[in-house]
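Visitor: Next up is a structure, given as structure tokens.
The values are calculated or read from the model by the stated rules, or taken from the named source; none is laboratory data. Every value quoted in this text rests on a predicted model; they were computed, and no experiment measured them. Positions of Cβ are generated from backbone atoms using ideal geometry, with glycine treated the same way; all protein chains shown enter the neighbour counts. The protein model used for the area step is the full one, side chains on, heavy atoms only, and it has no ligands, DNA or RNA in it. Shrake-Rupley method; radii C 1.70, N 1.55, O 1.52, S 1.80 Å.
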Amino acid sequence: MQRRRLLAVLLVGAAGLGGLAGCRTSPNVAAYVGDEQVTVAELDDAVAERLADPDIAAYAEADRTGFTRQVLSLQVGEEVYAAVARRYDVEVTDAEVRDRLAELLGDNDPDAVYAQVAQQQGANRDDVFENVRQQLVRQRVAVAEGEADLSDAALRARYDESADELTQTELGIITVPDQPTADGVLAQLTADPGTYPALATQFAGGNTLPAVEPFAGADVPEVLAEQVAGTAAGQGFTRAVPEAGGVVVGFVRAVTVPAFADVRDQLAEQAAGEAEEAGAARVTAVRDDLDLDVNPRYGVLDEDRVVAGEGGVVQLLEDAGGAGAADAGAGAAGD
């Protein structure tokens, strides 16, 4: 799961957006990002650095020109995020990026993950590092602008508000043909919950659970939700549900509300994702204010990728992603 999340973070959206304020061209400049430049020499060096990795070289072999456009998109994205950080006076340190990478990698072998990234996306470790930095920049911008709060106090408030959703109910469901049978089954379950498997086997069918199962609040069948919510642990209920083929006997074996410490990481990920969405809008605003020109020899950016163009100075198109761990590209920053 963690490896898939790390891979999902990479290179989905890489470059910028905004209108053309002028037509700046120079044979020595690959792209202009506001007052900054990505020179042809810088682009060539960045491409060569990546191609030194055999896995990336194999990835790029089929379309070397397309790979050059990919790297240029990443470099433009890095300059855009540098402008964002300056405007909102936020900073993400290398140590903070390393900590976040460690969270994403979890128990996975870093070498194996980075090799997979190189083979599947043509990205190196520096690209991953910069991409994670951009993720954190989006979060910091949202916090700085009062659009997000990632503090422990805010997470505890989120926990309190989400208690119903976080509650796990161990629920058994047995569907029987009539009410007298349902009353008898419920009496047996209440007297001895251990009889559930045998009773479920006796009344097996598509609307009977063979064993008691844990349900999150949102996963409880809607037709039974009110009864489940009002039933204490160790008790049950009956309800006629003709569409289910008779009368449902519901048995609540246990109700568990996880401690804050057990779900803190989950809540933090939710809050961080929402912060990234808010921060992405701020990134878009900065990009809109920048003059973004690309040397026509490299093409145009379409659907977040630089592709072959028909000539002329190119406008970088809007990055419509920008949300969650799946945004932003990566540039050349090292860990």
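Visitor: Could you pull the Rg and Dmax for the stretch 168-256, using just the Cα atoms, both in Å?
Guide: So, for the stretch 168-256, Rg and Dmax equal 11.5, 31 Å respectively.
Visitor: How do 281-287, 93-99, 225-231 rank on mean C-beta neighbours within 10 Å, highest first?
Guide: 281-287, 225-231, 93-99
Visitor: Then there's this: Heavy-atom accessible area per residue, the stretch 168-256, 1.4 Å probe: how many Å²?
Guide: 50 Å²
Visitor: If you stretched the chain out fully between Asp288 and Ala153, how much longer would it get, using 0.36 nm times the residue separation minus the C-alpha to C-alpha distance?
Guide: So the extension gain works out to 45.1 nm.
Visitor: Can you pull the percent of the stretch 168-256's accessible area that's carbon plus sulfur, 1.4 Å probe, other chains left in place?
Guide: Carbon-and-sulfur percentage of accessible area, whole number: 55.
Visitor: Assuming 0.890 mPa s and 25 °C, estimate D for the stretch 38-188 with Stokes-Einstein, Rh taken as the Kirkwood radius over Cα pairs, in µm²/s.
Guide: 123 µm²/s
Visitor: In nm, to one decimal, how far is the modelled label at Glu36 from the one at Ala102, with both set 7 Å along Cα→Cβ?
Guide: 2.8 nm
Visitor: I would also like to ask the following. For the stretch 67-151, restrict the atom set to alpha-carbon positions and state the Rg and Dmax in Å.
Guide: In Å, with Rg to one decimal and Dmax whole: 14.3, 41.
Visitor: Given labels modelled 7 Å from the Cα in the Cβ direction, how far is it in nm from Ala144 to Asp265?
Guide: For Ala144 paired with Asp265, the spin-label model returns 2.9 nm.
Visitor: Right, something else. On a full-extension model of 0.36 nm per residue, what is the gain between Asp94 and Gln179, subtracting their alpha-carbon distance, rounded to one decimal in nm?
Guide: The Asp94-Gln179 span can extend by a further 24.0 nm.
Visitor: Same structure, new question: Which order do peptides 124-137, 200-213 fall in by mean Cβ count within 10 Å, highest first?
Guide: Top of the packing list down: 124-137, 200-213.
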